[in-house]
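The values are calculated or read from the model by the stated rules, or taken from the named source; none is laboratory data. Small disclaimer: the values here were computed from a predicted structure and weren't measured. As a convention, Cβ positions derive from the backbone with ideal geometry for all residues, glycine included, and neighbour counts pool all protein chains shown. To get the accessible areas, we keep the full protein, side chains included, count just its heavy atoms, and leave off ligands, DNA and RNA. Shrake-Rupley method; radii C 1.70, N 1.55, O 1.52, S 1.80 Å.
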Amino acid sequence: MMWSAFLPVLALLGTPTPPETVLPARAGQTATLRVDLGTRELLLNREAPNLLTLRTPWGQVQTRPSGTPHRDPAYAGYFGQVRPALLKVKVPAATKPGRYAAHLTADLFVCDTGDKLCTRRTLKLPVQVQVGNGARPGTLTLKDEHLRPSRLRF
């Protein structure tokens, strides 16, 4: 077997993931997931097809990250600040109270300013929709350590 077949698997080892997100919701109302991109050393490419997709038992919603261009002309193709992304999904009125499995897929094009390495990062993160009496936005924060590709060590 060739070593190259293991490289995609090895690249995933050691990459921390954010804790599971719980999204409080009420039947018959809209639930909102707020996604914060709290990066410091990584830059998000403004010109790439970045996409956030929330898949729930009631369908899927998508949005693209937005924000302000970077102030440094050398990084004009990147965001200086990324606005929180809001993904809103309607929970049907007949939905019974309980937890429902969902997930967020983040397909992002990031560049590490320290390593001078750009990569496409696709993360699939679990989200639990908690249908009951409470309804407030859930928040999922992605930081540098979640988006930076892990370094291979042999």
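Picking from residues in the range 33-53 that are crowded, with 20+ Cβ neighbours inside 10 Å and part of a loop (DSSP other than H, G, I, E, B), the one that is farthest from the chain's Cα centre (by Cα) is ARG46. Selection over the range 114-144 of residues that are touching a strand residue (DSSP E or B) at 6+ places or on another chain (Cβ under 7 Å), exposed (fewer than 13 other Cβ atoms within 10 Å of the Cβ), outside any strand (DSSP E or B) and not small (Gly, Ala, Ser) gives a count of 1.
Per-residue answers, yes or no, for (1) without any contact (Cβ under 8 Å) to a residue 60 or more places away in the chain; (2) among the hydrophobic types (A, V, I, L, M, F, W, C):
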{"site": "TYR75", "(1), (2)": "yes, no"}
{"site": "VAL82", "(1), (2)": "yes, yes"}
{"site": "ALA101", "(1), (2)": "yes, yes"}
{"site": "CYS111", "(1), (2)": "no, yes"}
{"site": "THR122", "(1), (2)": "yes, no"}
{"site": "ASN133", "(1), (2)": "no, no"}
{"site": "LEU142", "(1), (2)": "no, yes"}
{"site": "LEU147", "(1), (2)": "no, yes"}
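A count restricted to the range 54-94 and to residues that are out of contact with any Leu (no Cβ under 9 Å at 6 or more places or on another chain) and open to solvent by less than 20 Å² (accessible area, probe 1.4 Å) stands at 1.
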